[in-house]
Amino acid sequence: MAFDTQTLSAEPLCRPSARPARIGRDVKAVDVVVDIPADFRLASGERLGQRQVVGRLHGKAGAPLVVVAGGISAGRFVHRTETNGLGWWSGAVSIRGPIDLSRFQVLAFDYAPEAEDGAQSVTITSRDQARLLGLILDEIGDPTVAAFVGCSYGGMIALAFAELFPERVEQLIVVSAAHRAHPQATAWRGIQRRILKLAEEAGRPEDGVALARELAMTTYRTAEEFAERFETEAPTSAGQTYPVCEYLTARGKAYRTHTTPSRWLSLSDSIDRHSVTPEAIRTPTTLVGFISDRLVPIDDIRELAARLPALFRLVEAPSLYGHDAFLKEDEVVAAILRTALKDID
């Protein structure tokens, strides 16, 4: 099967843009709150504790609809507004940005389960998240998505959505996601989940979130970045902190109240349950993989590309930032998005 494979030059990709993508002025946004039907069941047979699923529409009403979804820490606040401050991907979703809010209407959504639903984890899959997104689309009366841009966990949901609802999406742009989870990545996430459970049993759930986040950060980034950023000189005595550990501790503390152990357990497990059949996805697809990504190895993305019936383009790019490259490599991602979305009207 012939398809367009592009390997980008390493030289311009080793640092993010010195001038971040223009965010533009604040954009009015509206939440879409949908009651989950009483008979809705997850693939596991479980019910969701939450009663509603929430999306958020940004940009030009009535314009072609673009769904945007990111990692498990992402949600409906994708763009800066007066009320929520800087969104999780405002560099890409903005007025005259790569996903142009003067040209498109953008839908982002909160993943289930919601954090406030208590200590019990829920067994939820990427297909379940896709079905919940379908409820939001039903509510807004727009059954067809012009493009689904999914990064990391959001890319898994995009693939699941296209497999379940091929008639509802015209194009996929999948970044740093494949058709399955890699066993090594599952191993790392499994350790994180055990940390969370141990901390809960010890009555220190926030400390568990912080420590699990520290470990996660070592998998999101690369050895090359750490070698460049941090000195290797040892502290005076055992038990004192090394520079790289100070960085990780700070990242963990910043995240400790961002989520709950139950939510993290559910969404982390959801990543490892992800599985789609590439041959069943017939939506035209742009795939983007970063060669340094250890969580989603480039070989898995190449396999997905080889098996997709309607692959439009495969882009392989180097980066210093591993799995986090889709959040750091502004210029590279912007160019790919603009090319993929240029013919939508």
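The values are calculated or read from the model by the stated rules, or taken from the named source; none is laboratory data. Just so it is clear, the model here is predicted, and its values are computed rather than measured. Because the Cβ atoms are built from the backbone with ideal geometry, glycine has one as well, and the counts that use them run over all protein chains shown. The area values use the complete protein model at the heavy-atom level, side chains included, leaving out ligands, DNA and RNA. Shrake-Rupley method; radii C 1.70, N 1.55, O 1.52, S 1.80 Å.
Please indicate, with yes or no, whether at least one residue in the stretch 97-118 is among the basic types (Lys, Arg) and in contact with a His (Cβ under 9 Å, 6 or more places away or on another chain). Looking for residues that are among the basic types (Lys, Arg) and in contact with a His (Cβ under 9 Å, 6 or more places away or on another chain), one finds none in the stretch 97-118, hence no. Within the stretch 16-27, is even one residue in a loop (DSSP other than H, G, I, E, B), modelled with pLDDT under 90 and among the hydroxyl-bearing types (Ser, Thr, Tyr)? Yes, the conditions are met somewhere in the stretch 16-27.
Considering the stretch 265-287, and only residues there that are outside any loop (DSSP other than H, G, I, E, B) and over 30 Å from Arg47 (Cβ atoms), the residue that is nearest to the chain's Cα centre (by Cα) turns out to be Leu287.
Would you check which residues across the stretch 143-179 are open to solvent by 10 Å² or more (accessible area, probe 1.4 Å), under 22 Å from Thr218 (Cβ atoms) and of a type in the set (A, V, I, L, M) and list them? Within the stretch 143-179, just Met156 meets the criteria.
So for the stretch 316-326 (the condition being open to solvent by 30 Å² or more (accessible area, probe 1.4 Å) and of a type outside the set (A, V, I, L, M)), does at least one residue qualify? Checked against the condition, which is being open to solvent by 30 Å² or more (accessible area, probe 1.4 Å) and of a type outside the set (A, V, I, L, M), the stretch 316-326 yields no hits at all.
On the stretch given as the stretch 88-137, residues that are among the aromatic types (Phe, Trp, Tyr), touching a strand residue (DSSP E or B) at 6+ places or on another chain (Cβ under 6 Å) and in a loop (DSSP other than H, G, I, E, B) total 1.
Residue-wise test of (1) touching a helix residue (DSSP H, G or I) at 6+ places or on another chain (Cβ under 8 Å); (2) at pLDDT below 90.
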residue	(1), (2)
Tyr220	yes, no
Glu224	no, no
Thr232	no, yes
Ala250	no, no
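For the stretch 273-297, a residue qualifies if it is closer than 11 Å to His179 by Cα and open to solvent by less than 40 Å² (accessible area, probe 1.4 Å), and the qualifying residues are His274, Val276, Pro278, Ile281, Val296.
Please find, within the stretch 44-64, the residue that is most open to solvent (accessible area, probe 1.4 Å) out of those that are aliphatic (A, V, I, L, M) and over 10 Å from Val106 (Cβ atoms). Going through the qualifying residues, I end up with Ala61. Of the listed requirements (1) surrounded by fewer than 23 Cβ atoms within 10 Å (Cβ to Cβ); (2) among the hydroxyl-bearing types (Ser, Thr, Tyr); (3) under 20 Å from Gln50 (Cβ atoms), Ser126 misses just one: (1).
Rundown of residues vs (1) closer than 21 Å to Asp35 by Cβ; (2) crowded, with 18+ Cβ neighbours inside 10 Å, yes/no style:
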| position | (1), (2) |
| --- | --- |
| Arg76 | yes, yes |
| Leu86 | no, no |
| Trp89 | no, yes |
| Val122 | yes, yes |
| Ala130 | yes, yes |
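Looking across the stretch 298-311 at every residue that is within 21 Å of the chain's Cα centre (by Cα) and open to solvent by 30 Å² or more (accessible area, probe 1.4 Å), the one that is nearest to Trp188 (Cα to Cα) is identified as Asp299.
Yes/no matrix, rows are residues, columns are (1) without any contact (Cβ under 8 Å) to a residue 60 or more places away in the chain; (2) more than 20 Å from Arg76 (Cα to Cα):
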| site | (1), (2) |
| --- | --- |
| Ala112 | no, no |
| Pro143 | yes, no |
| Glu170 | no, yes |
| Val175 | no, no |
| Gln192 | no, yes |
| Ile195 | yes, yes |
